[in-house]
Amino acid sequence: MDRINNFNRRDWLKLLTAGAAAACATHSAQAQAAQPVKTAARIVIAGAGAAGLAAASRLAQQLSGAQITLVDARKEHYYQPGFTLVGAGIKPADYVVSQTGSYVPSGVQWVQERVTEIDPEGNKVVTQSGQVLPYDFLIVATGLQLEYGRIEGMEPGLIGQHGIGSIYNGPDAAAATWGLMSQFATQGGRGVFTRPGTEMKCAGAPLKYTFLSEDRATRQGGRSKAEFVYFSNNAALFSVPIVSERRCACYSKSATSKPSTTGC
Ligand SMILES: Cc1cc2nc3c(=O)[nH]c(=O)nc-3n(C[C@H](O)[C@H](O)[C@H](O)COP(=O)(O)OP(=O)(O)OC[C@H]3O[C@@H](n4cnc5c(N)ncnc54)[C@H](O)[C@@H]3O)c2cc1C
């Protein structure tokens with residue numbers, strides 16, 4: 001405990017959340033002026049996606065003397081909200097790809113391997129090559145695992161073929177989806193859009209993609225030949241009740257069939 005200077009888990013969590021609060025505060029300069037906390041804590045972050053990199057940046061900024069290690073084999077960083085734009089032909093696939101290395105803060109070590117084992121009792125993680133990384137604090141930020149196989153008949157290799165698209169599987173899948181959507185937007189047909197009933201990344205993305213596709217079909221001349229069917233996972237369009245109530249009221253007030261996207 002000496003080594004980490006009585007810097008306990010509670011203090012550490014406070015640092016991460018204080019950073020988020022400071023970002024929202026009007027007087028953020030005050031937060032920025034705060035002195036870094038001195039500690040020799042060893043912090044391992046498994047996963048260098050948006051969450052892992054954000055945590056590493058925050059901790060590197062607010063701690064002095066800590067040994068911070070990011071562990072992730074993937075060298076490309078994906079800007080995932082942009083997948084919807086790639087799938088709608090608004091941006092090319094490379095728009096959403098950048099290099100993880102360019103976001104790793106100075107002083108933070110990046111081990112370019114997968115974590116294969118976490119040993120919470122021994123306070124260590126093991127990487128695919130067998131490298132052992134001891135820690136005082138561990139952040140697990142390995143993201144969500146996509147399970148296409150749980151949809152009967154579906155597998156990622158089908159994306160871009162047989163009229164099947166998906167914007168979730170990465171930049172290439174989103175680009176392949178645009179290949180199909182582009183034809184649909186011109187030729188028309190029956191477009192079935194779905195939102196799964198599971199936890200997922202960005203619950204708004206399926207609806208957003210439906211609206212973007214409708215807009216594309218309108219612009220490319222296929223709208224009158226196209227039918228749009230949206231399958232939600234429940235009766236509400238949005239899962240947050242207050243948002244759902246506002247949006248539904250908005251739709252029912254609308255004189256046209258096209259809902260407003262700018263708020264009531
Ligand atoms: C289509 C789409 C639209 C979205 N739109 C929005 C939006 O509008 N607004 C919004 O806020 N969010 C949006 N999101 C969600 C947002 O992109 C994610 O919430 C965010 O990227 C999650 O970050 P993460 O770091 O938790 O996971 P990820 O960014 O997925 O990163 C996880 C990292 O962990 C690594 N990893 C996995 N397993 C291991 C292991 N065993 N060892 C080491 N590393 C490992 C992976 O290689 C990866 O680099 C959207 C997502 C998608 C797909």
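The values are calculated or read from the model by the stated rules, or taken from the named source; none is laboratory data. What you see is a predicted model; the values in this text were computed from it and never measured. When the accessible area is computed, the model is the full protein with side chains, heavy atoms only, and any ligands, DNA or RNA have been set aside. Shrake-Rupley method; radii C 1.70, N 1.55, O 1.52, S 1.80 Å.
Here are a few things to note about the model shown:
- Near L63, the amide H atoms lying under 5 Å from its own belong to V37; only residues 5 or more places off or on other chains count, and H is placed 1.01 Å from N.
- Carbon + sulfur, % of accessible area of region 148-233 - ligands and nucleic acids excluded, 1.4 Å: 51 percent
- Whole-Hz ³J(HN,Hα) from phi, Karplus 6.51 cos²θ - 1.76 cosθ + 1.60, for region 182-192, glycine and proline x: 4, 5, 4, 5, 9, 8, x, x, 10, x, 9
- Per residue solvent-accessible surface (Å²) - region 148-233, probe of 1.4 Å: 55 Å²
- Region 121-193 - Rg over Rh from alpha carbon coordinates, Kirkwood radius: 1.25
- Region 148-233 - convex hull of the alpha-carbon atoms, volume per residue in Å³: 92 Å³
- Listed values for region 215-226 are Karplus-derived 3J(HN,Hα) couplings in whole Hz (6.51 cos²θ - 1.76 cosθ + 1.60, θ = phi - 60°), namely 5, 4, 4, 5, 5, 9, x, x, 4, 5, 9, 10, and x replaces Gly and Pro.
- Long-range amide H partners of H77 with built H, under 5 Å: S98, Q99, T100
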